[in-house]
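Asks: Attaching a single structure in C-alpha cells format; questions to follow.
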Amino acid sequence: MNYKRVSLRPIHGNLALKFLNWVIKQPAFQQLKNLTYVYYITGHILGKARMYTSAKSLFTQLSNMGIDSNSIFAALMDTYPLCNSNPTILCLAGFEEANIDVEKEENIENESVLYQNVLFYNV
C-alpha cells in the first residue's frame, strides 16, 4: 500500500485527547513518573491539528497541577523533535503565561510570526 502523509486535522486532536483521558484513568499509569510527557505530546498533536484553544486548556491543566511555565516550555522543547511539531505550540505555552487570548490567533496563516512573539516573550 502506498501511504501518504497528510496534515493533522481536528479529528486527530480529538483522538489524542481521548487517549490522554484514558491514560490518566488507568491505575497502572498513576505512578508513571513521566506522565506529564503524555500531556506534552498531546499538546504537540493539538498544535499540529490547529486546535489551539484545546492546547491552551491542556497547558492550563498542567499549570493547575503545579508545573511552572518554564518547565512546561522546556519539556515542549524536549519533545519538539520527537513530534516533528511546529513552532505554534511553543507560542501557546508562552501565551498561557502571558494570558494572551488565542481565540484571535486561531486563523493566523504565518506561524513564524507567532514563534517570534514567543521568543521575544521568553527572553
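Asks: Roughly how many nanometres apart are two label points built 7 Å out from the Cα toward the Cβ at residue 38 and residue 9?
Replies: About 2.7 nm, to one decimal.
Asks: Multiplying the sequence separation of residue 65 and residue 18 by 0.36 nm and subtracting their Cα-Cα distance, what value in nm do you get?
Replies: Full-extension gain reported as 15.0 nm.
Every read-out reported here was derived from the displayed coordinates using simple, explicitly stated rules and does not represent laboratory data. Keep in mind that what you see is a predicted model, and the values were worked out from it rather than measured. Note that each Cβ is placed from the backbone with ideal geometry, even for glycine, and that neighbours are counted across all protein chains shown.
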